[in-house]
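The values are calculated or read from the model by the stated rules, or taken from the named source; none is laboratory data. Because the structure is a prediction, the values reported are computed rather than measured. All Cβ positions, glycine included, derive from the backbone under ideal geometry; neighbour counts span all protein chains shown. Note: areas computed on protein heavy atoms with side chains; ligands, DNA, RNA excluded. Shrake-Rupley method; radii C 1.70, N 1.55, O 1.52, S 1.80 Å.
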Amino acid sequence: MKDGGWIKLYRSSFENKLYFEEPFTRYQAWIDLLLLANHKDGYFMKRGTLVKVPRGTVGYSMKELAKRWKWSINKVSRYIEILESETVNQVKSQKNNVTTLISIVNYDRYQLNESANESV
């Protein structure tokens, strides 16, 4: 196994019937957050409110992630707290009355515009 390098994962992975077959592991949830993150600035409407979602950010509520990952809302919240902790520092979340925005720390590092043959 090669120690370095990276692979591209396409959002079409969601279409594979195996993707949602079982409750997610914590690692699968992390990969899912990377796949759900906006690749460019965007927005959506929720309950009549315009929600701006910057590049590298996921705009899903804890309830939506719980359903998606087949977890309890409390488990999702605890997991996001772990990812936000100083020791892990992989996400920053911002909750409001409409949704939760989860920003991937160093998102650009995961999405460099290099080909698969170039080194990071």
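Annotations for the structure displayed:
- Amide hydrogen proximity for V53: with H placed 1.01 Å from N in the peptide plane, the residues at 5 or more positions away or on another chain lying under 5 Å are G42, Y43, F44.
- When the chain is treated as a Gaussian network with alpha carbon springs shorter than 10 Å, the biggest mean-square fluctuation among L65, L50, L34 belongs to L50.
- Residue-averaged [θ]222 nm for the chain, counting only DSSP H segments that reach four residues, each worth -39500 (n - 2.57): -8000 deg cm²/dmol
- Tilt relative to the chain, helix 26-36 - C-alpha long axis, 0 to 90 degrees, to 10: 90 degrees
- Cα-projected label distance for Q111 with R11, points at 7 Å along beta-carbon direction, nm: 0.9 nm
- Overall form of segment 14-120 per C-alpha gyration tensor (a/c, 1.5; a/b vs b/c): rounded
- The listed residues M45, M62 rank as M45, M62 when sorted by accessible area, largest first, using a 1.4 Å probe.
- Given a 1.4 Å probe and the protein chains as shown, Y19 ends up with an accessible area of around 40 Å².
- Highest-first packing order for the peptide set 95-102, 9-16 is 95-102, 9-16, based on the mean count of other beta carbon atoms within 10 Å.
- Sequence of I73, I7, I80 when ordered by accessible area, the most exposed leading, probe 1.4 angstrom: I7, I73, I80
- Euclidean distance of C-alpha centroids, segment 55-88 and segment 26-48, integer Å: 11 Å
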